[in-house]
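Presented below is the structure to which this report refers.
Readers should treat all values here as calculations from the given coordinates under stated rules, not as data from a laboratory. Being a predicted model, the structure only gives us computed values, none of them experimental. Every residue, glycine among them, receives a Cβ derived from its backbone with ideal geometry; neighbour counts consider all protein chains shown.
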Amino acid sequence: MAKWTPKHEAPEPLEGPVVATITGGTILWFVLFLVQLPFYGWFDERGHTWWLWTCLAGGGLGLIGVWYVRRRDQALKRAAREKASAA
């Protein structure tokens with residue numbers, strides 16, 4: 001097992017517009033759900049209704065993700081302000 005252990009440290013995580021990315025993805029999941037909703041009968045006849053429910057679940061989980069990343073972003077900004085005021 002030791003031969004598979006990496007020899008270098010993991011890089012720092014990349015920071016970017018996380019809140020905007022998660023919000024955009026959540027909106028996309030809900031739009032996909034709404035676009036497929038009028039075709040529910042077609043999906044039901046072919047046994048593909050899971051496509052609709054996957055989109056709805058993605059949107060619901062995305063709402064949790066938006067809440068999470070907004071709180072994380074606020075905490076990071078608060079920590080940066082406290083560090084700057086302490087220095």
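A few points about this structure:
- In the chain, the longest principal axis of the Cα atoms and the axis of helix 18-36 are about 0 degrees apart.
- Relative contact order (%) - the range 18-86, alpha-carbon pairs under 8 angstrom, separation at least six: 45 percent
- Fluctuation leader among ALA57, ALA75, ALA20 - the chain, Gaussian network, Cα springs under 10 angstrom: ALA75
- Taken about its Cα centre, the chain carries a charge dipole of roughly 420 debye when the Cβ of each Lys and Arg holds +1 and the Cβ of each Asp and Glu holds -1.
- Mean ellipticity per residue at 222 nm, deg cm²/dmol - from DSSP H runs of n ≥ 4 across the chain, formula -39500 (n - 2.57): -24500 deg cm²/dmol
- Gaussian network model of the chain, Cα within-10 Å springs - most flexible of GLY65, GLY25, GLY16: GLY16
- Between TRP42 and ALA87, the contour length at 0.36 nm per residue exceeds the Cα-Cα span by 9.9 nm.
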